Each structure stands twice: as structure tokens, then as C-alpha cells.
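Here is the structure we will look at, set down as C-alpha cells.
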Amino acid sequence: GGYDSIHPAGKVFNEGFEQFLKERPENQPFCFWLGASDPHRPYEEGSGKSAGMDIDEVDVPGFLPDNETIRSDIADYYFEVERFDSDVARAIHLLDSIGELDNTIIVVTGDNGLPFPRCKGNLYESGVHVPLVVAWGNQIQKNTTSDALVSLTDLAPTFLELAGVKVPEIMTGKSLKNILLKNTKAGVEGFDHVLFGRERHTPAQLVPSMDGYPSRAIRTKKFLYIRNLEPDRWPAGVPENATHPIGFFADCDGSPSKSFLIENKDNPTIRSYYDLCFAKRPAEELYNVESDPWQLTNLANNALYAAVKDSLWQLLNEELRSTNDPRIVNNGVNFDAYPYRSGYELNKAE
């Protein structure tokens, strides 16, 4: 498990991109991963407001109550996003200063949704729909967008194809070369749906259980279908009346928003938000993402959408089987039995 001395992402440059550029071999192609901790929690509470943001103008997702506590928490998140943006701007300036800007493919993205209840670690749009911006001098037409449904697994074959390297057949991602370079709708063909899933993000079921919350999902332009494979488990971890060494709802980052929901869960006007974020979920969820952007209305048991649900499950099931997903195909792999590695040791019950 893990790795020994060589980091899988390459050498770590503690002084950042500037150090990397100074030490890189001359006249050689280069690849640098600017990994930022912003906008990861924890935040300095009130930092967004202190930076001059009008928290009354903050839009609140439909699954969270619209009040000052939540708006301020979101503003603090925005403040760290702006700080990340400034890091990217400095990196771009450095490339420009050495004459490499137009010759460098720049990809800006994130690894999960915002760290709020029902977002990060969940399969709703707020958890899996992340930014993706790509620039490459005059090769990619500026100020263009694409509605192709792409996955971050598509980045690796994209880089390989743009570099003229054969893409290994084992890769399940698809190159975005046509989308990026053709700048036409023709590039969208073959990108009409995307799959994603979750297993164990952090141990959060009842101790000593190391089980995760296995789910799989498929997203088309109009619909999101989620299959919760173990609906008797808790999606964000066990609730506050169960013992857990790192706190209740352990698979949801601590935050003023999380605390507000828990402290006010018995308030009738708050309870529906609390349940959306923390309560157990049905085996099947279906949402119209066009008319229901926050996925508040589950259509899975609506007879009018039975054909849509069945067709999405069929497509999802076929693709999961084609890749030998252990949750769908009995191939002897048990995701829940995998060891957990983190910066802390989970205290197991005797």
C-alpha cells in the first residue's frame, strides 16, 4: 500500500512553480501540478465579510437555509477561491515572463465540490460538478464553452494525445482533443453522459465498521440518476447519538453551516434541510437537473419517469459491468475491506 520514496505525482517543490521553472532542464517539455490547499477547510470565520464581500448578496443553494450564518460561511469559501485564483494568475504571469505561455496547456479544475453539507463527497451536482478551464495559446479559441459531459478521467488521454503519445487501451477516459481544438459542436459527440461514484471517503459508519457509502451515478444533459447500493448506511456518517471518535456525521467537513443544521434540527423550518444533508437515502434517486438544479425533488417513484429511470439504470449497469465494477460484478474484490490511510489513526473499539 502507498508508495515508498518517489511521489506518484513527481518531485515536490516546496517553493512552488517558480522553483520548478528555475530547476527544469533547458529545452525540454515540462509538466507541473500546482496543487493548492485553497479552498480547503478550515476557514477563518468572517474572512469573506472582512475582505469586503456583501454577504447579503450571496446566493445560497436550495438545500441549505438562507441565513446570515450560511451566507457568511459561503463568503469565506469564496474568499479562499479568490486566493486560489491569484495563485493561478501568478503562475500564468511566470509562464508569460519566460515566453512559454502560448506553448503551455493550462488546465484549471478541482477535485470535488464545495466543502459544505450535501456537497463534497456526495453524488449531487454540488459534489461532482467542478470547474474546468483549459487554455493553450491560440490553439484553443478563447471565450468558448462546451456542454460536453466530461470526466477528469478524460484528462490523461487528452494530454497523451496532444503530446502525440499512444493512449493505452486500458484507459476508460476519452480524449478531449476534438472538443478543445475544433471548437465546434462536432466534438461533443460521444460525450452525452458521464459516470461517477463513491465508496469510502472517511470511516463514518458505526465504530468499528470501516464500511463506506457505496453509490454509483450517471448524468445526462437532463437527468441525474443515483443508485445507493447500501441505503441502510448513513450517507454522511452516523448521527450525533452514535459514538464516533472524530465526531458525528464524520463524512461531512466541520463548518458553521454543519453546526447550524445540527443545532437547529428540531426547528420545523430547518428540519427539511437537515434531512437533505444527513438523513438516510433511498436506493434510487432521479432528478431533472434542468428544472431542479439543486436536486430537491426525487422522481424515482414517479410513474411518469419510470421509463427514463429504467433506461438510465440499464445504461449505468451495462457500463459498470463492462469495467468489472466489484459492486456490480462479483469478482472477489471487497472495497469495504481495503485499509484506510489518513493523517490520523482511527480508534477502533475493543
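The values are calculated or read from the model by the stated rules, or taken from the named source; none is laboratory data. Keep in mind the model is a prediction, meaning the values are calculated, not measured. Ideal geometry is used to build each Cβ from the backbone, glycine not excepted, and the neighbour counts take in all protein chains shown. Just the protein is used for accessible areas: all its heavy atoms, side chains included, with ligands, DNA and RNA removed. Shrake-Rupley method; radii C 1.70, N 1.55, O 1.52, S 1.80 Å.
Could you work out how far the C-alpha centroid of the stretch 89-164 sits from that of the stretch 1-78, in angstrom? Between the Cα centres of the stretch 89-164 and the stretch 1-78 lies a distance of 14 Å. Net length available on complete extension from E189 to D59 is 43.4 nm, with 0.36 nm assigned per residue and the Cα-Cα distance removed. Per residue, the Cα convex hull of the chain amounts to 184 Å³. On the basis of the beta-carbon distance and an R0 of 22 Å, A156 and E318 show a calculated FRET efficiency of 0.40.
Restrict the search to the stretch 1-94; then list the GluC sites (Glu not before Pro) that DSSP places in a loop and that have at most 14 other Cβ atoms within 10 Å of their Cβ. Don't skip to the end; give the middle numbers.
Details: sites: E15, E18, E23, E26, E44, E45, E57, E68, E80, E82; in loops: E15, E26, E44, E45.
Passing sites in the stretch 1-94 are E15, E26, E44, E45.
The local environment of I140, defined by Cβ-Cβ distances under 13 Å, has a net charge of +2 under the rule Lys, Arg +1 and Asp, Glu -1. Rg and Dmax, both from the Cα atoms of the stretch 45-120 and both in Å, are 16.2, 48.
Here the chain has 50 percent of its accessible surface on carbon and sulfur atoms, given a 1.4 Å probe and all protein chains in place.
Going highest first, how would you order 117-124, 192-199 by mean Cβ packing within 10 Å? Intermediate values should be presented prior to the final figure.
Values: 117-124: 23.9, 192-199: 16.6.
Descending mean neighbour count gives 117-124, 192-199.
Taking the empirical scaling 2.2 N^0.38 Å for compact globular proteins as reference, the stretch 123-219 has a Cα radius of gyration ratio of 1.35. With the highest mean first, a sort of the peptides 136-142, 295-301 on other beta-carbon atoms found within 10 angstrom per residue produces 295-301, 136-142.
On average over all directions, what projected area in square nanometres does the stretch 208-338 have, based on the convex hull of its Cα atoms?
On the way: hull surface 39.9 nm².
The orientation-averaged projected area of the Cα hull of the stretch 208-338 comes to 10.0 nm².
Report the full-extension gain for the segment S97 to S37: residue separation times 0.36 nm, less the Cα-Cα distance, to one decimal in nm. Numbers along the way, then the final one.
Details: separation 60, 0.36 × 60 = 21.60 nm, distance 2.53 nm.
The S97-S37 span can extend by a further 19.1 nm.
The gain in end-to-end length when the T297 to V12 segment is fully stretched comes to 98.1 nm, 0.36 nm per residue minus the alpha carbon separation.
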